[in-house]
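Participant: One structure, as structure tokens, below. Some questions next.
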There are 2 protein chains.
Amino acid sequence: MGIVVQKFGGSSVATTEKLKIVCNHITKEFEKGNSVAVIVSAQGKTTDKLITEEREITDSPSKREHDVLVSVGEQITISKLAIMLNDMGYKAISLTGWQIPIITDDHFGNAKIKSIRNETILDLFKEGYIVIIAGFQGINENNEITTLGRGGSDTTAVAIAASLNAEKCDIFTDVDGVFTTDPRIAEKVKKIDLISYDEMLELSSLGAKVLHNRCVEIGKKYNIPIVVKETGKENSTGTIVKNSKKLEDMEISGIAKDDNISRITVMGLENKIGKTYKVFNLLAKHKINVDTIVQSFGESINKNLSFTIKSSDLKETIKILEDNLEYLTAREIIHFDNLSKVSIVGIGMTHRTGIASKMFEALYEENINMHLISTSEIKITVLVNQDEADRAVKAIHKKFFNN
Amino acid sequence: MGIVVQKFGGSSVATTEKLKIVCNHITKEFEKGNSVAVIVSAQGKTTDKLITEEREITDSPSKREHDVLVSVGEQITISKLAIMLNDMGYKAISLTGWQIPIITDDHFGNAKIKSIRNETILDLFKEGYIVIIAGFQGINENNEITTLGRGGSDTTAVAIAASLNAEKCDIFTDVDGVFTTDPRIAEKVKKIDLISYDEMLELSSLGAKVLHNRCVEIGKKYNIPIVVKETGKENSTGTIVKNSKKLEDMEISGIAKDDNISRITVMGLENKIGKTYKVFNLLAKHKINVDTIVQSFGESINKNLSFTIKSSDLKETIKILEDNLEYLTAREIIHFDNLSKVSIVGIGMTHRTGIASKMFEALYEENINMHLISTSEIKITVLVNQDEADRAVKAIHKKFFNN
């Protein structure tokens, strides 16, 4: 029998009643003869409550101490879960981040895992224990508590799975997997049974609600199948994230949407080497996150450079660029606000033709204008007006999935 | 300048407002040029709340996991306090039990400190940090979280003070020190300015509300002055617990009372070596805690053996003894219930005469009968009816302190 890692999020462990459901998932896997490591988040609103209390003190807490504070939520959950399993007659033991230890870098609040010592867990497996591990937390090399940032417990789970060379990592959550698009937008959305790591990463706007990018990256690197399942569902098969030949048979896997996008165009940029670099270097210095970039090279001495940013950065971006028009040797900055990115993702498109035209056809039939087109190996992104974006997703979904 | 250790209990750190008062005490000591280590308990009812939640799961939780759970309260306090001090512009850093580490034995829920590594704290002092330490918690040699039991944070504080060879250990609480007796019983009680470790230990029924015995024992062993002070009072001098020649000038230091005492007499016990041992060995096996013991040796072949126990153990004790009358070669078990122990304590009595007779005079004047008398070097204890105990304390207090 093998090693299985299970992860339960904050809403799955929110109450004593819900912990009982979690115990059932754990013992079911354990009774099959598997060694089981379980990663849990803080219960329900525990972390939010701690942060509210912290805000009573200051709006800018010491980052080191903030991590000491917010890491207690997971410690509460591991002990309660171990208490419950022990009470049910199972051998279960809790481990905090430092007890394993999970070693991270020094970035309090958003630390990256550097290494995981797996001996403690493997020894406990040998003694027949179910091992309950606090997600979201680690220690740096100076023995200081760190936390992993948003989606941190997912990352812990997949990293633990990788360190144990587990068969799979089950991520239990409150939805039954990843869907072809957001069910609140399109009709007849379908659960994706199988998806590749790369597709999952590209579908981040869908996936962020389910899986954090970092955990998918680790899954990809160590080839650990990640299964997204619904905690409340008895025999959920969920969505399996792994690489598979089968995936190439499908046109696309899913459709993602990101709202609140702005497009900036730097007009009349001198068409010389280094000018593009100068623009992005300037923005990076101001910590402006630039997304999709499109540059149309012409024969002329000038060029136009377009890129997208989050709308919340729009004002600052325009100011930075306009203040530096001379330095950049550009003529003018123009922008469009209230845009959305709509993307189709699928590794099947690498060896198929007509995928892009099918997408554009759907938009054409709905009379939706595209402000920008950008493509990668497994993704096609278009920029549309935000007030037309839902209609765009609906039309594309219907074209690919409901015909 | 020296090293000062300060400890703040659960009610002193209960709210953000109260934490500000705590910060004032800390920074005041720090501004004097001292290195300051601060030990804190969990805020207000935090630990009680966690235990209530635990009871939802089971009444008999795994002891190991219970300690993982209840140790989070102190971790919350240290981070908040460090955040507040940082926000005030002071260099402050938090340390959990495992980060120091404080090494304890394996007794989850009631662990004893075996050793404290002081290098981490001393290094932080050198860098100018105020060091905020979680009370009540440690780790065993297997890296498992342990807690120290009732009064554990006081014990942590004095043990840290001992390991740092601190000048003193200030225990901030909600009363302004230790009093000559319980203010709810006697009139005109006085704050004790100075008291020895041994007296403090003997005054446990007063002291238990203020200082736990274990912390006084450690203070005595390493000769660390312990100062009990009121958090809410600006310039509290409190009660200093330390050894001092001055103490010998006083008749007594204080008067203690313990209610709910029962007295057992084993009648007609065979007057042979080993019979007394047999009685107490039997009770120890059943975990009955025996307190004051009085044995009147006679010339006869039988003797009567009296001792006191907590009333809650009375029923079980009688049953154990009566079931073993033959084994003990005793004739009969008699008992008195609803008794109180009243004790006067003072190291002055070792070289003074007339202290006992003064105590008995007070009781005689009040027509209070004594069921048993027991004396040690620095204590005289009498057993009286519980409904006369308060009157006894009042009379003795008046005799010694208000004449």
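The values are calculated or read from the model by the stated rules, or taken from the named source; none is laboratory data. These figures come from a predicted structure and were not determined experimentally. Quick reminder, even Gly has a Cβ in these numbers, built from the backbone with ideal geometry, and neighbours come from all protein chains shown.
Participant: Give, as residue ranges, the strands (runs of 3 or more DSSP E) completely inside the range A:41-137 that count at least 1 residues that are of a type in the set (S, T, N, Q), touching a residue at least 12 places away in the same chain (Cβ under 8 Å) and surrounded by fewer than 20 Cβ atoms within 10 Å (Cβ to Cβ).
Facilitator: A:113-116
Participant: Same structure, new question: I need every pair where a residue in the range A:1-28 that is touching a residue at least 24 places away in the same chain (Cβ under 8 Å) and away from chain B (no Cβ under 12 Å) has its Cβ under 9 Å from the Cβ of a residue that is in a loop (DSSP other than H, G, I, E, B) and among the aromatic types (F, W, Y), sequence separation at least 6 or different chains.
Facilitator: A:I26/A:Y90; A:T27/A:Y90
Participant: Would you call A:N304 crowded, with 16+ Cβ neighbours inside 10 Å and either assigned by TED's automatic domain parsing to the domain that holds A:S343 or not in a helix (DSSP H, G or I) (or both)?
Facilitator: The answer is yes for A:N304.
Participant: Sticking with this structure for a sec: Counting residues that are of a type in the set (D, E, K, R), which strands (runs of 3 or more DSSP E) fully inside the range A:316-388 reach at least 3?
Facilitator: Where strands (runs of 3 or more DSSP E) fall fully within the range A:316-388 and carry at least 3 residues being of a type in the set (D, E, K, R), they are A:332-345.
Participant: Further, regarding this structure: Does any residue of the range B:347-370 turn out to be crowded, with 18+ Cβ neighbours inside 10 Å, under 18 Å from B:D259 (Cβ atoms) and among the small types (G, A, S)?
Facilitator: no
Participant: Right, another one. Take the range A:67-84 and flag every residue that is farther than 30 Å from A:G128 by Cβ and at the interface with chain B (Cβ under 7 Å from one of its Cβ atoms).
Facilitator: A:V68, A:L69
Participant: Condition first: at pLDDT below 95, surrounded by fewer than 20 Cβ atoms within 10 Å (Cβ to Cβ) and farther than 18 Å from A:L122 by Cα. Now tell me which residues in the range A:1-40 satisfy that.
Facilitator: A:S11 - this is the single residue of the range A:1-40 that is at pLDDT below 95, surrounded by fewer than 20 Cβ atoms within 10 Å (Cβ to Cβ) and farther than 18 Å from A:L122 by Cα.
Participant: Under the condition of being in contact with a helix residue (DSSP H, G or I) (Cβ under 7 Å, 6 or more places away or on another chain) and part of a loop (DSSP other than H, G, I, E, B), which residue from the range B:212-231 is surrounded by the most Cβ atoms within 10 Å (Cβ to Cβ)?
Facilitator: B:I224
Participant: For the range A:237-273, which positions are touching a strand residue (DSSP E or B) at 6+ places or on another chain (Cβ under 8 Å), closer than 30 Å to A:I116 by Cα and either in the same structural domain as A:K394 (by TED's automatic domain parsing) or part of a loop (DSSP other than H, G, I, E, B) (or both)?
Facilitator: Correct list: A:T237, A:G238, A:K242, A:S244.
Participant: Can you tell me which of B:E316, B:E248, B:E326 is touching a residue at least 60 places away in the same chain (Cβ under 8 Å) and surrounded by fewer than 15 Cβ atoms within 10 Å (Cβ to Cβ)?
Facilitator: Residue meeting the stated conditions: B:E248.
Participant: Go through (1) in contact with a Phe, Trp or Tyr (Cβ under 8 Å, 6 or more places away or on another chain); (2) modelled with pLDDT under 90 and name the single condition B:N302 misses.
Facilitator: (1)
Participant: With the requirement that a residue be within 14 Å of another protein chain (Cβ to nearest Cβ), closer than 15 Å to B:V5 by Cβ and of a type outside the set (A, V, I, L, M, F, W, C), what does the range B:121-160 give you?
Facilitator: If the condition is that a residue be within 14 Å of another protein chain (Cβ to nearest Cβ), closer than 15 Å to B:V5 by Cβ and of a type outside the set (A, V, I, L, M, F, W, C), then B:Y129 is the only one that fits.
Participant: Now for a different question. Looking only at the range A:156-182, which residues are at pLDDT below 95 and in contact with a Leu (Cβ under 8 Å, 6 or more places away or on another chain)?
Facilitator: Scanning the range A:156-182 gives A:V178, A:F179, A:T181, A:D182.
Participant: Do the conditions hold for A:D106, that is, is it away from chain B (no Cβ under 14 Å) and closer than 28 Å to B:L124 by Cβ?
Facilitator: The answer is yes for A:D106.
Participant: Outside any helix (DSSP H, G or I) and either free of Cβ contacts under 8 Å to residues at least 40 places away in the same chain or in contact with a Leu (Cβ under 8 Å, 6 or more places away or on another chain) (or both), is that true of A:V36?
Facilitator: Considered against the rule, which asks whether it is outside any helix (DSSP H, G or I) and either free of Cβ contacts under 8 Å to residues at least 40 places away in the same chain or in contact with a Leu (Cβ under 8 Å, 6 or more places away or on another chain) (or both), A:V36 comes out as no.
Participant: Next question. Which condition number in (1) crowded, with 21+ Cβ neighbours inside 10 Å; (2) among the small types (G, A, S); (3) under 19 Å from B:I347 (Cβ atoms) is the one that B:S204 fails?
Facilitator: Here B:S204 clears every test but (1).
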